[in-house]
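Below is one structure, written out as structure tokens, with a few remarks after it.
Every read-out reported here was derived from the displayed coordinates using simple, explicitly stated rules and does not represent laboratory data. Being a predicted model, the structure only gives us computed values, none of them experimental. Methodologically, a virtual Cβ is constructed for each residue, glycine included, from the backbone with ideal geometry; neighbour enumeration extends over all protein chains shown.
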Amino acid sequence: MSMYKLFLLRHGEGAWNRENRFCSWVDQKLSEDGVKEARDCGRLLKELGYNFDLVFTSILSRSIQTAWLVLEAMGQEWVPVVKSWRLNERHYGALIGLNRAEMAARHGEEKVKLWRRSYDITPPPIDESHPYFSEIYTDRRYSTCDVEKEKLPRAESLKEVLDRLLPYWESTVVPEICQGRTVLIAAHGNSCRALLKHLEGISDEDIASVTLPTGIPVLLELDAQLKPVKGRQLLGDQQKIQAAIKKVEDQGKAKAST
Ligand SMILES: O=C(O)[C@@H](CO)OP(=O)(O)O
């Protein structure tokens, strides 16, 4: 029996989604289209009659902005928003800032697909010579985390994302859901994929073919043990959603449009 509704949302398009660069922990804002996607998402959720009690975001601006725009469009700006680095996008290590299509031309599409979608392959780590190292690790937000800055990741597989996300899910999100609160998690493609893998019991192999489009709410109906009672529902126009999924998948092709 369906007891709880949980909503997962990948933020709207960011500036680097558009440029087809690995964005990860670089704090890019939403593009104009991303702002529209987030507003449209809020309007749709309002039309469908949903209400949120609590929203969780990462500490990256694009997920926070998405949460604000959704709540504004729903007329629910008062709903508390709680932020944690544990919901951040996967740390793409040395790949951060690189163009996916150029990487596919250089290393092959298969390799890029493995980097992007495999479960336990960790990309090469970021080091101090990387152009975005200092921007990330000197940012004040990373002094506020529940682990020391030196212990924050330098690259992550999806498995490692799940390892840092699960303790937060269990300690902070689950109790809220179990008290009957309707929760929205406005996060990122890979932090949402990691959580979906956990909730739906997706195998290490099958998670490679799960792609989430930007700005599309995913509804999970959960039983008392927080197991899904039916398949995830991507809300909205299904044809547009399929096209948006294909767009994300095509980003890893050597000739992807930028
Ligand atoms: O750039 C990133 O951090 C992510 C999400 O935008 O990319 P990908 O879809 O390749 O996992």
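Would a scan of region 50-58 turn up a residue that is of a type outside the set (A, V, I, L, M, F, W, C), at negative phi and surrounded by 19 or more Cβ atoms within 10 Å (Cβ to Cβ)? First the steps, then the outcome.
If we filter region 50-58 for residues that are of a type outside the set (A, V, I, L, M, F, W, C), which is where we start, we get 50-51, 53, 57-58.
This time we only want the ones that are at negative phi, so: 50-51, 53, 57-58.
Applying the additional criterion that residues be surrounded by 19 or more Cβ atoms within 10 Å (Cβ to Cβ) yields 57-58.
Yes, region 50-58 contains at least one residue that is of a type outside the set (A, V, I, L, M, F, W, C), at negative phi and surrounded by 19 or more Cβ atoms within 10 Å (Cβ to Cβ).
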* To do: Identify all residues within region 31-49 that are among the small types (Gly, Ala, Ser) and either buried (at least 17 other Cβ atoms within 10 Å of the Cβ) or closer than 18 Å to SER191 by Cα (or both); write none if there are none.
  => SER31, GLY34, ALA38, GLY42
* **Residue tally, condition surrounded by fewer than 18 Cβ atoms within 10 Å (Cβ to Cβ) and out of contact with any Pro (no Cβ under 7 Å at 6 or more places or on another chain), over region 195-210** => 10
* Structure fact -> Note: among VAL229, VAL218, just one is surrounded by fewer than 16 Cβ atoms within 10 Å (Cβ to Cβ), of a type in the set (Val, Ile, Thr) and in contact with a strand residue (DSSP E or B) (Cβ under 6 Å, 6 or more places away or on another chain), namely VAL229
* To do: Show the residue pairs that are 6+ apart or on different chains and have beta-carbon atoms under 8 Å apart, the first residue being within region 9-27 and farther than 16 Å from ASN99 by Cβ, the second being near the ligand (Cβ under 9 Å from one of its atoms) and acidic (Asp, Glu).
  => TRP25/GLU89
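Would it be correct to say that LEU196 is more than 18 Å from GLY252 (Cβ to Cβ) and not aromatic (Phe, Trp, Tyr)? Spell out how you get there, then give the answer.
Numbers: more than 18 Å from GLY252 (Cβ to Cβ): yes; not aromatic (Phe, Trp, Tyr): yes.
For LEU196, the condition - more than 18 Å from GLY252 (Cβ to Cβ) and not aromatic (Phe, Trp, Tyr) - is met.
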* To do: Tell me which residues, restricted to region 106-134, are assigned to a helix (DSSP H, G or I) and surrounded by 14 or more Cβ atoms within 10 Å (Cβ to Cβ).
  => GLU109, LYS111, VAL112, LYS113, LEU114, TRP115, ARG116, ARG117, PHE133
* Asked: Inside region 59-75, can you point out the residues that are buried (at least 24 other Cβ atoms within 10 Å of the Cβ) and either farther than 23 Å from ARG18 by Cβ or among the hydroxyl-bearing types (Ser, Thr, Tyr) (or both)?
  -> SER63, THR66
* To do: Restricting attention to region 233-244, report how many residues are surrounded by 17 or more Cβ atoms within 10 Å (Cβ to Cβ) and part of a loop (DSSP other than H, G, I, E, B).
  => 2
